[in-house]
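The values are calculated or read from the model by the stated rules, or taken from the named source; none is laboratory data. Only a predicted model underlies this, so the values are computations on that prediction, with no experimental measurement involved. For neighbour counting, all protein chains shown are included, and Cβ atoms are generated from backbone atoms with ideal geometry for every residue, glycine included.
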Amino acid sequence: MSEPRSPKEARRLERLKHGSRAARDVRSRAAARQRVHRPPPVLGSIQAGTSDEPTVVFSKRAVDRLAEGHVWIYRSDVAAPANLSGGEVVRLADERGWFLGKAFYGSRSQIAVRLLTREDEPVDEQFFVHRLAQAIALRDVVRPDPERRQAARLVHGEADLLPGLIVDRYADCLSMQTLIEATDARRELFASLLERLLAPRAIVERNDVRVRSHEGLEQRKGMLRGENPGAVEFLEGEVKLVADLLSGQKTGAFLDQAENRIEAGRYAKGRALDCFTYGGAFALQLARKAERVIAVDISEQAGAQGREAAARNRVENVEFKVANAFDLLRAESEAGARYDTIVLDPPAFAKSKDTIEAALRGYKEINLRAFHLMSPGGVLVTCSCSFQVDDATFERTVLQAASDAKRSVQVIERRGAAKDHPTLLGVPETRYLKCLILRVL
Ligand code: SAH
């Protein structure tokens, strides 16, 4: 904790540490009654009892946020001992000393505290084994694949109560990201535990992501276990895909869209267009039912990967084009082209609050062009992975595009990320991907 910069701040910190007498004195009678019913403090829940972790004290606002289900608490809402270096497990207490939970503490990010557990339990190796096993158990239920030929997200960070840890499985290999100080410091531990639980052929580290800079962590990628597996083949539905775990985008592929791609394939028909195709994963699903698919990406490398993937699946009805999807959509609609199936899966247009307006213009434009291009009865699969743009806003933007294009639109499905990317109730940040399957009348 930094030194107070003013007497006012000193008083605020003091209150955070010891509780405010003023606040106690003005408590309503109802609150006083509630207090009477509270169970007496368990010995050890005021002073560290089960462990000697340092205690971080929560303001009232932080206590409320935790009670509302959130797991991130900002630095301005906590008082932490000055000697914390970041990355440690801390006990959480309210201003009166009541135990609230245990968390990872971060010294750099504005998110100072990320909840691990609301129980007073030891956070040791056994704890992490249990958390990992819990996470893997969900995937065994939602995507049972004992042969491990598919890809799946095994650990989805905060949504699996393992904040700052991402683990994806591609067939028999794992790709791992440790995005915060605490998980980065424990990456060897996680690699060993994953090795023990899953016996993977290799574990790749993909810590070459910008979010790590908020934590003061450098960009890094390489092998944690085993040899570089190169291109790893896996199945998505009936389609064979390949991910280069060391050089592909994200941890190798965009696994959050896996179920949406398979679903899109079910509706595909006639002439199809897959915009922002990357390695052709949507296009190859569409190709199973559509007569012909045009797949567009701005990146040459993506186009080359897509062609390879098509060849691997012996698919001949997909044409990969390297182009700006905005330009291509405009040119096609000006030329009066018609499509029966269109997929729009752009990168996140809104990366921060400041870019929401521009992002919405981007979403509106591509959806408007797509509506102009749709033949009657055609299917539009339209996605947004911008967390900043929530479901309602995205849907409103798509509606504006539809009405500008004078099209009536049925909603066939409102979808999100695949089930192996769970969201945590109370943590909107874990719900970012929107996918609407629409039928244009
Ligand atoms: N649909 C893909 C994932 C798409 S990721 C899948 O399911 O796997 C977004 C892709 O959009 C990236 O490959 C990126 O190269 C591409 N891209 C970004 N801007 C673009 C633009 N203006 N036109 C076409 N492609 C673009």
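Rundown of residues vs (1) away from the ligand (no atom under 13 Å from the Cβ); (2) more than 19 Å from Leu344 (Cα to Cα); (3) at pLDDT 95 or above, yes/no style:
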site: Phe276; (1), (2), (3): no, no, yes
site: Phe282; (1), (2), (3): no, no, yes
site: Lys289; (1), (2), (3): yes, no, yes
site: Arg292; (1), (2), (3): yes, no, yes
site: Ser299; (1), (2), (3): no, no, yes
site: Gly303; (1), (2), (3): no, no, no
site: Arg312; (1), (2), (3): yes, yes, yes
site: Glu316; (1), (2), (3): yes, yes, yes
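Tell me, which residue of the range 116-165 that is acidic (Asp, Glu) and closer than 20 Å to Gly101 by Cα is nearest to the chain's Cα centre (by Cα)? Talk me through it step by step, then tell me what you get.
Applying the first criterion (acidic (Asp, Glu)) to the range 116-165 yields 119-121, 124-125, 140, 145, 147, 158, 160.
Cutting the leftovers down to closer than 20 Å to Gly101 by Cα gives us 119-121, 124-125, 158, 160.
Working: Glu119: 25, Asp120: 28, Glu121: 27, Asp124: 25, Glu125: 25, Glu158: 9, Asp160: 11 Å.
Step by step, filter the range 116-165, then rank; the result is Glu158.
Filter the range 393-441 down to the residues that are part of a strand (DSSP E or B), crowded, with 21+ Cβ neighbours inside 10 Å and touching a Cys at 6+ places or on another chain (Cβ under 6 Å) and list them by number.
Cys435
When you scan the range 341-353, do you find a residue that is assigned to a helix (DSSP H, G or I) and farther than 22 Å from Gly248 by Cα, even just one?
Yes - at least one qualifying residue is present in the range 341-353.
Can you name every residue in the range 105-122 that is more than 13 Å from Leu92 (Cα to Cα) and among the aliphatic types (A, V, I, L, M)?
Once the filter is applied, which keeps residues that are more than 13 Å from Leu92 (Cα to Cα) and among the aliphatic types (A, V, I, L, M), the range 105-122 yields only Ile111.
Select the strands (runs of 3 or more DSSP E) contained entirely in the range 177-269, then report the ones holding at least 2 residues which are crowded, with 22+ Cβ neighbours inside 10 Å and out of contact with any Lys or Arg (no Cβ under 7 Å at 6 or more places or on another chain).
By residue number, 239-244.
Any residue at all in the range 318-329 that's more than 13 Å from the ligand (Cβ to nearest atom) and in a helix (DSSP H, G or I)?
Within the range 318-329, not a single residue is more than 13 Å from the ligand (Cβ to nearest atom) and in a helix (DSSP H, G or I).
Considering only the range 91-129, state which residues are touching an Asp or Glu at 6+ places or on another chain (Cβ under 8 Å) and surrounded by fewer than 18 Cβ atoms within 10 Å (Cβ to Cβ).
Result: Ser107, Arg108, Phe127.
Assess whether Val242 counts as being within 9 Å of the ligand (Cβ to nearest atom), among the β-branched types (Val, Ile, Thr) and touching a residue at least 12 places away in the same chain (Cβ under 8 Å).
It is false that Val242 is within 9 Å of the ligand (Cβ to nearest atom), among the β-branched types (Val, Ile, Thr) and touching a residue at least 12 places away in the same chain (Cβ under 8 Å).
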